[in-house]
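Trainee: Following this message is one structure expressed as structure tokens.
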Amino acid sequence: MTKKALITGIEASIPDYVLTNSELETLVDTSDQWIRERTGIVERHILKQDGLGISELGADAVRKLLASTGTSVDEVEMLICHTISPDMAFPSTANIISDKVGIKNAWGYDIGSGCSGFLFSLATVDAFIKAGKKKIILVCGERLSGITDYTDRNTCPLFGDAAVAMLIEPSEEFGLVDYDNHVDGIGRHYLYQKAGGSMYPATAETVARKEHFIYQDGKTVFKYAVSNMADVSVAMMEKHNLTADDVAYLIPHQANLRIIAATGHRMGLDDSKILIDIEKYGNTGGTSIPLALWDFKDKLKKGDNLILSAFGSGFAWGAVYYKWGI
Ligand code: COA
């Protein structure tokens, strides 16, 4: 039988500092009520300390994962990290995390695909599992606070920081059943970090223009997100003849409560089947789905049919049909 990528262990590292909506009221012209009503976010955790990158949280999550799964560093064959807020442009954050936790016999690299990043990374890991790898660690982590402009009310309430590490092993019965991932480059005009890459290298002028921060045309992204996330999730159910009763839970990317609700309702799901923790963490980019898997892991039962669904920068979006197997 074909092997599937199965998450056999999952751990998270969440920074202690809680940035509340009331603190944001002191930074920009906004209100707790506006943020709750328009996004669903109440607070988010951010990594405050200078000089700490996302590898700090990533390494912490990997150490917890090795301990909770009883895995030795020598058994790990690959470590892949998904992030759009790497410690540095290079070397890869995967490399830095491996060094910090003492993984020496593995190779790996970073993937960067914004909010759909977990779905794209899981598909990548699945290909390695099908090719014969037995123990891969996937880390999804973002320190989005480092590229957020806390004078811009359009973006600063949205984002939070966290890292999640997963041990992924082959299984015949459970794990990734199917994925349907998409990209459309039209999105590059609506959600981006303009400067700091090869097109606009960092200069005093790019910094003065705040071009190293996240820019988002929220209204346009919202429109694309709400239809594409619902379409791809419904299509996945239809492809596998899954009714709303067959789906145990939708675990959506946590960007906006209204997008999540619209997706769940198009799938015909009761609210109780839509797993939401956006109020606690905000939008943690490609980390938000694994963060929710970790947050709700006590609710999930072996064999549960999950639909994981995301939309983000690129545009890039997709849905995964996953059978929970821990
Ligand atoms: N507090 C108070 N008012 C705010 C505000 C804030 N934090 N941010 C924006 N506003 C204002 C705007 O200036 C605008 O005022 P105007 O009408 O006088 O110009 C008004 O609120 C409405 O702004 P709008 O952008 O239309 O709000 P919205 O309902 O679209 O919500 C987002 C904004 C960002 C929450 C929403 O567009 C969104 O979630 N977009 C998609 C995010 C997403 O899915 N991203 C993909 C992955 S990252």
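Trainee: Taking helices (runs of 4 or more DSSP H) that fall entirely within the stretch 206-297, which contain at least 3 residues that are loosely packed, with under 15 Cβ neighbours inside 10 Å and without any contact (Cβ under 8 Å) to a residue 40 or more places away in the chain?
Mentor: 218-239
Trainee: Please give the number of the condition Glu142 fails out of (1) assigned to a strand (DSSP E or B); (2) away from the ligand (no atom under 16 Å from the Cβ).
Mentor: (2)
Trainee: Which of (1) out of contact with any Asp or Glu (no Cβ under 8 Å at 6 or more places or on another chain); (2) under 30 Å from Gly325 (Cα atoms); (3) crowded, with 17+ Cβ neighbours inside 10 Å does Glu172 not meet, given it meets every other one?
Mentor: It fails just one condition, (3).
Trainee: For the stretch 195-217, give me each residue that is within 16 Å of the ligand (Cβ to nearest atom) and within 23 Å of Phe120 (Cα to Cα).
Mentor: Once the filter is applied, which keeps residues that are within 16 Å of the ligand (Cβ to nearest atom) and within 23 Å of Phe120 (Cα to Cα), the stretch 195-217 yields Ile214, Tyr215, Gln216.
Trainee: In the stretch 124-139, how many residues are part of a loop (DSSP other than H, G, I, E, B), closer than 23 Å to Asp180 by Cβ and in contact (Cβ under 8 Å) with a residue 60 or more places away in the chain?
Mentor: Matching residues across the stretch 124-139 total 0.
Trainee: Just to check your reading of the model, which residue among Tyr192, Tyr179 is at pLDDT 95 or above and either in a helix (DSSP H, G or I) or more than 16 Å from the ligand (Cβ to nearest atom) (or both)? Can you show your working first?
Mentor: Numbers: Tyr192 fails: either in a helix (DSSP H, G or I) or more than 16 Å from the ligand (Cβ to nearest atom) (or both).
Answer to the check: Tyr179.
Trainee: Answer yes or no: is there a residue in the stretch 14-37 that is away from the ligand (no atom under 16 Å from the Cβ), in contact with a helix residue (DSSP H, G or I) (Cβ under 8 Å, 6 or more places away or on another chain) and under 27 Å from Gly196 (Cβ atoms).
Mentor: Yes, the conditions are met somewhere in the stretch 14-37.
Trainee: Oh, and also: Among what's in the stretch 110-143 and is touching a Phe, Trp or Tyr at 6+ places or on another chain (Cβ under 9 Å) and of a type in the set (A, V, I, L, M), pick the residue that is surrounded by the fewest Cβ atoms within 10 Å (Cβ to Cβ).
Mentor: Ala123
Trainee: Quick check on this structure: which one of Gly117, Gly112, Gly185 is assigned by TED's automatic domain parsing to the domain that holds Ala319, among the small types (Gly, Ala, Ser) and within 16 Å of the ligand (Cβ to nearest atom)?
Mentor: So the residue among Gly117, Gly112, Gly185 that is assigned by TED's automatic domain parsing to the domain that holds Ala319, among the small types (Gly, Ala, Ser) and within 16 Å of the ligand (Cβ to nearest atom) is Gly185.
Trainee: State all residues of the stretch 111-123 that are touching a residue at least 40 places away in the same chain (Cβ under 8 Å) and not in a helix (DSSP H, G or I); if no residue qualifies, say none. Walk me through how you get there before you give the answer.
Mentor: Step one: filter the stretch 111-123 for residues touching a residue at least 40 places away in the same chain (Cβ under 8 Å), giving 113-123.
The answer is Ser113, and nothing else.
Trainee: Whether any residue in the stretch 305-312 is in contact (Cβ under 8 Å) with a residue 60 or more places away in the chain, within 14 Å of the ligand (Cβ to nearest atom) and in contact with a His (Cβ under 6 Å, 6 or more places away or on another chain) is what I want to check.
Mentor: For the stretch 305-312, residues in contact (Cβ under 8 Å) with a residue 60 or more places away in the chain, within 14 Å of the ligand (Cβ to nearest atom) and in contact with a His (Cβ under 6 Å, 6 or more places away or on another chain): present.
The values are calculated or read from the model by the stated rules, or taken from the named source; none is laboratory data. Values in this document were obtained by computation on a predicted structure and should not be read as measured data. Here the Cβ is made from the backbone with ideal geometry for all residues, glycine too, and neighbour counts use every protein chain on show.
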